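In what follows, a structure is listed as structure tokens, so that the remarks can point back to it.
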Amino acid sequence: MPTIRLFAGAREAAGTDRDTLDGATVRDVLDAAVARYGAGFAAVLGTCRVWVNGEPAEPGDAVADADEVAVLPPVSGG
């Protein structure tokens, strides 16, 4: 199963920074994450960028068992 890595607000909403979730596409993995972590996670997810193995990803992109799906909320700072 692909590994999902969660950062900042996504990590806080999920209560973990890493998990393995079943899915054949990025969308499948994110849907499984929403089902596991709930509405608070879904709300944060709407503002996030998603990367697979260090490359920007789209929801329909395929993922394999060895892939890492990273969920990155917007970063602010100064």
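The values are calculated or read from the model by the stated rules, or taken from the named source; none is laboratory data. Because the structure is predicted, anything quoted here is derived from the model rather than measured. Here Cβ is always computed from backbone atoms with ideal geometry, including for glycine, and neighbour counts include all displayed protein chains. The protein model used for the area step is the full one, side chains on, heavy atoms only, and it has no ligands, DNA or RNA in it. Shrake-Rupley method; radii C 1.70, N 1.55, O 1.52, S 1.80 Å.
Applying the condition of being in a helix (DSSP H, G or I), over 20 Å from G60 (Cα atoms) and in contact with a helix residue (DSSP H, G or I) (Cβ under 9 Å, 6 or more places away or on another chain) to region 9-35 and asking which residue is least open to solvent (accessible area, probe 1.4 Å) yields A10. In the set A32, A57, A62, only one residue is out of contact with any Lys or Arg (no Cβ under 6 Å at 6 or more places or on another chain) and without any contact (Cβ under 8 Å) to a residue 12 or more places away in the chain; that residue is A32.
Among residues of region 46-78 being open to solvent by less than 30 Å² (accessible area, probe 1.4 Å) and aliphatic (A, V, I, L, M), the one that is farthest from the chain's Cα centre (by Cα) is V63.
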